[in-house]
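Student: I am attaching a structure below and will ask some questions about it afterwards.
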Amino acid sequence: MLKILSAELRKIFLRGRTYIGFAAVAVIVLGVELAIWLEGSKMLNFVTNDLQRYFFLDGRPINGFLTTYMVLNALWVHVPFLVALVTGDLLSGEAAAGTFRLILTRSAGRGKVALAKFLAGLVYVYLLIALMAALSLGLGYVFFGSGDLIVLKKTINIIPPDDVLWRFAGAFAFGALSMTTVAALSFLFSTMADNSIGPILGTVAVIIVCTIFSSLNFGFFKVLRPFLFTTHMTGWRLFFDFEPSWEVVLRSACILLAHILLFLGISLWRFKTKDILT
Amino acid sequence: MTAALEIVGLKKSFGALRAVDDVSFSVEAGQICGFLGPNGAGKSTTLRSLLTLIFPDAGTLMVHGMDVFKKRRKALARVGALIERADFYRYLSALDTLRLLARYQDKRVERTRMMELLKWVGLEDRAHAKVKTFSQGMKQRLGIAQALLHDPDILILDEPTNGLDPGGMVDMRNLVLRLGRELGKTILLSSHILNEVEMVADTMVIIHKGRVITQGPVQDLLSRDAATVWVSWQEAPAQLLEAFRKSLIPERVRQLSPTGAEFDVPEKDIPDLLSALLGLGFRVTEVQRRRSLEQLFLKITAEADA
């Protein structure tokens with residue numbers, strides 16, 4: 001299994017498309033930092049206008065933690081697309097290139113090959129998230145320094161610097177779980193297609209549609225909402241509540257995990273019974 | 001003795017299309033077996049089933065007595081394959097391609113073996129060149145190298161000359177002959193180029209519309225039916241040609257000229273034909289058997305269609 005995993009990692013990291021994801025994350029982080037550097041004060045004044053009538057905001061409200069928090073919002077659509085770019089191509093790319101004929105006519109079983117591909121895809125996903133965390137926290141600290149993190153939710157949460165790092169660790173870890181769900185979904189689509197465009201676009205389309213359904217809080221959608229993975233993909237935000245509800249965090253994580261197992265299970269079954277015709 | 005490859009009652013449909021219908025044949029160890037059929041006859045479906053790329057609807061496929069689906073790992077460890085056009089990872093070199101593919105099999109392969117294989121197929125100078133710079137002929141040769149990577153005793157080659165120029169086809173043919181004759185591999189060689197199979201195969205199986213329509217040793221099959229023979233002679237005078245026309249031989253003539261004629265005769269009757277020609281006074285200079293497998297193939301497929 002390790003031999004196949006190393007081969008799959010080699011394939012992923014020798015391809016140019018993989019580095020589009022890393023470059024895009026760097027651009028996203030730098031873009032957010034630049035935007036905050038140029039417009040951050042205006043933005044903060046606008047958001048905290050009411051608050052400033054009654055309170056005096058001391059210290060450095062625009063800081064590296066705020067920029068990192070804003071970067072985390074890319075986990076909604078941008079990063080899923082970058083994830084699908086690689087994981088949606090894991091199986092369909094081999095089908096399109098005709099290289100299944102090389103690897104599936106050897107003694108390694110299909111299940112092992114598929115699992116190794118998925119795990120290799122996850123290595124890419126976690127490196128992407130790690131890069132995002134390192135760049136946003138690192139550059140944020142260098143450019144804007146440290147300070148209280150002001151988060152606007154139903155309440156305005158002001159989190160002191162000594163209480164914020166574990167929250168980011170939790171948020172990025174949860175983000176990694178969300179992106180694993182996206183990876184499993186695009187991997188599933190990848191078993192159904194013989195080109196990589198379909199799985200990539202299919203994944204993004206499903207995320208957009210399900211995100212819309214997740215936001216409709218009435219009738220049938222209200223019943224459906226708790227079971228949609230997109231409802232729980234934003235679970236990383238729970239870490240920025242004053243007192244995060246661990247029960248809710250755990251429930252969201254379990255639902256994402258159930259989706260991952262479901263998508264992966266169907267993928268493996270589908271791949272193991274699929275006729276290779278390309 | 002167990003056959004190296006054995007297929008019994010293979011059936012496979014794609015929707016309403018019956019691609020393979022009750023195909024059965026076997027290949028003995030050490031033989032080169034030509035697997036012939038027109039495009040769409042079911043050759044690739046059969047070979048892909050044998051390699052577990054396609055799941056058949058019915059039938060048993062065995063490698064040295066092992067069911068390829070029940071004992072896939074052990075069975076495929078003894079088989080190397082080049083299926084249709086050789087497609088590779090364009091961003092890898094030839095050596096890296098072999099290194100990478102070696103990880104998908106149980107048997108450990110040393111770098112020296114990889115280099116030996118590249119040398120064997122004439123690619124040692126291009127070991128570190130990216131595959132994207134290779135011609136189709138070079139890719140096909142790399143395809144043979146990857147098929148031999150784990151030193152299998154059976155090779156399944158599906159249309160290995162596809163996309164090759166005439167020079168490349170000759171190279172590939174020689175490679176196949178060396179694999180069979182020098183290395184003693186059992187080879188199942190699929191092709192729709194009859195001439196290619198005729199030159200290398202010991203036995204052959206002809207498949208048409210998903211069914212095996214004939215099989216056996218190449219020489220037996222060729223001698224069973226009429227062969228086309230071209231006989232050249234020194235320019236014959238008009239009266240000799242006239243005598244020829246009045247003889248019994250013209251019934252078998254496909255074309256006639258003052259310097260030769262083409263005949264349809266069973267291979268066993270060729271000596272009698274030559275005696276008759278010499279008896280008539282023709283000064284025979286050359287005898288050539290032509291397009292015999294092609295004729296046999298066309299005849300058999302026409303019979304199957306009828």
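Read-outs: derived from the displayed coordinates by stated rules, not from any lab. This is a predicted model, so every value here is computed, not measured. Don't worry about glycine lacking a Cβ; one is built from the backbone with ideal geometry, like all the others, and counts go over all protein chains shown.
Student: How high is the relative contact order of segment A:2-270, in percent, counting Cα pairs under 8 Å that sit 6 or more residues apart? Provide the component values of the computation, followed by the final result.
Tutor: Details: 331 pairs, mean separation 67.8, N = 269.
Rounded, it is 25 percent for segment A:2-270.
Student: Using Cα springs under 10 Å in a Gaussian network model of chain A, which residue among A:87, A:18, A:99 shows the largest mean-square fluctuation?
Tutor: Most flexible of the set in this elastic network: A:99.
Student: Take A:210, A:254 and order them by how many other Cβ atoms sit within 10 Å, fewest up front. Please report the intermediate quantities before stating the final value.
Tutor: Details: A:210 18, A:254 11.
Ranking A:210, A:254 by Cβ neighbours within 10 Å, fewest first, gives A:254, A:210.
Student: Which whole number gives the average count of other chain Cβ atoms within 10 Å of the Cβ atoms across peptide A:103-116?
Tutor: Averaged over the peptide's residues, the number is 6.
Student: Per-residue mean of other chain beta-carbon atoms within 10 angstrom of the beta-carbon, peptide B:86-99? Walk me through the numbers before you get to the answer.
Tutor: Details: counts 4, 9, 4, 9, 3, 4, 3, 0, 0, 0, 2, 2, 0, 2.
That works out to 3 on average.
Student: Restricted to Cα positions, what overall size does chain B have along the principal axes? Three whole-Å values, descending.
Tutor: Here the Cα extents, ordered largest to smallest, are 74, 46, 37 Å.
Student: Right, here's the next one. Report the relative contact order of segment B:3-55, percent, no decimals, based on alpha-carbon pairs under 8 angstrom and at least 6 residues apart. Write out the running numbers ahead of the final one.
Tutor: Working: 63 pairs, mean separation 16.7, N = 53.
This gives 32 percent for segment B:3-55.
Student: Suppose R0 equals 25 Å. What FRET efficiency, 1/(1 + (r/R0)^6) with r the Cβ-Cβ distance, do residue A:153 and residue A:22 give to the nearest 0.05? Could you put the intermediate results ahead of the total?
Tutor: Working: r = 31 Å, r/R0 = 1.23.
That gives a FRET efficiency of 0.25.
Student: Follow-up. Taking beta carbons within 10 Å but only from partner chains, what does the mean come to for residues B:101-110?
Tutor: That average works out to 5.
Student: Please state, rounded to one decimal and in Å, the Kirkwood hydrodynamic radius that segment A:2-270 gives when every pair of distinct Cα atoms enters the mean of 1/r. Present the calculation step by step, with values, prior to reporting the outcome.
Tutor: On the way: mean 1/r = 0.0503 Å⁻¹.
Result for segment A:2-270 stands at 19.9 Å.
Student: Of the options B:135, B:155, B:65, report the single residue whose Cα projects farthest towards the positive end of the charge dipole of segment B:60-207 (beta-carbon charges: Lys, Arg +1; Asp, Glu -1).
Tutor: With unit charges placed on the Cβ atoms, the residue in question is B:65.
Student: Something else: Over the Cα atoms, compute the radius of gyration (one decimal) and Dmax (the largest Cα-Cα distance, rounded to a whole number) for segment B:1-88, in Å.
Tutor: Calculated on Cα positions, Rg and Dmax stand at 12.8, 38 Å.
Student: For segment A:68-145, just the Cα set please: Rg and Dmax, both in angstrom.
Tutor: 17.2, 56
Student: Let me ask another. Among A:28, A:69, A:267, whose Cα sits farthest toward the positive end of the charge dipole of chain A (+1 at Cβ of Lys/Arg, -1 at Cβ of Asp/Glu, about the Cα centre)?
Tutor: A:267
Student: If you don't mind, there's one more thing I want to ask. Taking R0 as 56 Å, what FRET efficiency do you get between residue B:24 and residue A:54 from their Cβ-Cβ distance, rounded to the nearest 0.05? Numbers along the way, then the final one.
Tutor: Details: r = 89 Å, r/R0 = 1.60.
After rounding to 0.05, the efficiency reads 0.05.
Student: Something else: Determine, for each peptide in B:65-76, A:212-223, the mean count of other beta carbons within 10 angstrom over its residues, then list the peptides with the highest first. All intermediate terms of the calculation are to be shown ahead of the outcome.
Tutor: Details: B:65-76: 16.5, A:212-223: 11.2.
So the peptides B:65-76, A:212-223, ranked by packing, come out B:65-76, A:212-223.
Student: Let me ask you something else. Quick check: pseudo-label points 7 Å beyond the Cα along Cα→Cβ at residue A:209 and residue A:37, how many nm apart are they?
Tutor: 4.2
Student: Note down the magnitude of the dipole of the protein assembly as shown about its Cα centre, charges +1 on Lys and Arg C-beta and -1 on Asp and Glu C-beta and zero elsewhere, to the nearest 20 debye.
Tutor: On the way: 65 positive and 53 negative charges, 205 e Å.
Around 980 debye, computed over the protein assembly as shown.
Student: Along the three principal axes, how long is the protein assembly as shown when you take its alpha carbons, biggest first, rounded to the nearest angstrom?
Tutor: Taking max minus min along each principal axis of the Cα atoms, the protein assembly as shown gives 128, 51, 44 Å.
Student: Something else: Explain nothing, just compute: Karplus ³J(HN,Hα) = 6.51 cos²θ - 1.76 cosθ + 1.60, θ = phi - 60°, for every residue of segment B:114-124 in order, whole Hz, x for Gly and Pro.
Tutor: 4, 5, 4, 5, 5, 5, 4, 9, x, 10, 4
Student: With each label point set 7 Å from Cα along the Cα-Cβ vector, what nm distance links residue A:141 and residue B:106?
Tutor: In this crude label model, residue A:141 to residue B:106 measures out at 5.1 nm.
Student: What nm distance separates the two modelled labels at residue B:298 and residue B:58, each placed 7 Å from Cα along Cα→Cβ?
Tutor: For residue B:298 paired with residue B:58, the spin-label model returns 3.6 nm.
Student: Along each principal axis of its Cα atoms, how long is segment B:173-232 end to end? Whole angstroms, biggest number first, please.
Tutor: 38, 35, 19
Student: Rounded to a whole number of µm²/s, how large is the Stokes-Einstein D of segment B:225-305 at 20 °C and 1.002 mPa s, given Rh as the Kirkwood radius over C-alpha pairs? Spell out each step's value before the answer.
Tutor: Values: Rh = 13.2 Å.
Translational diffusion coefficient: 162 µm²/s.
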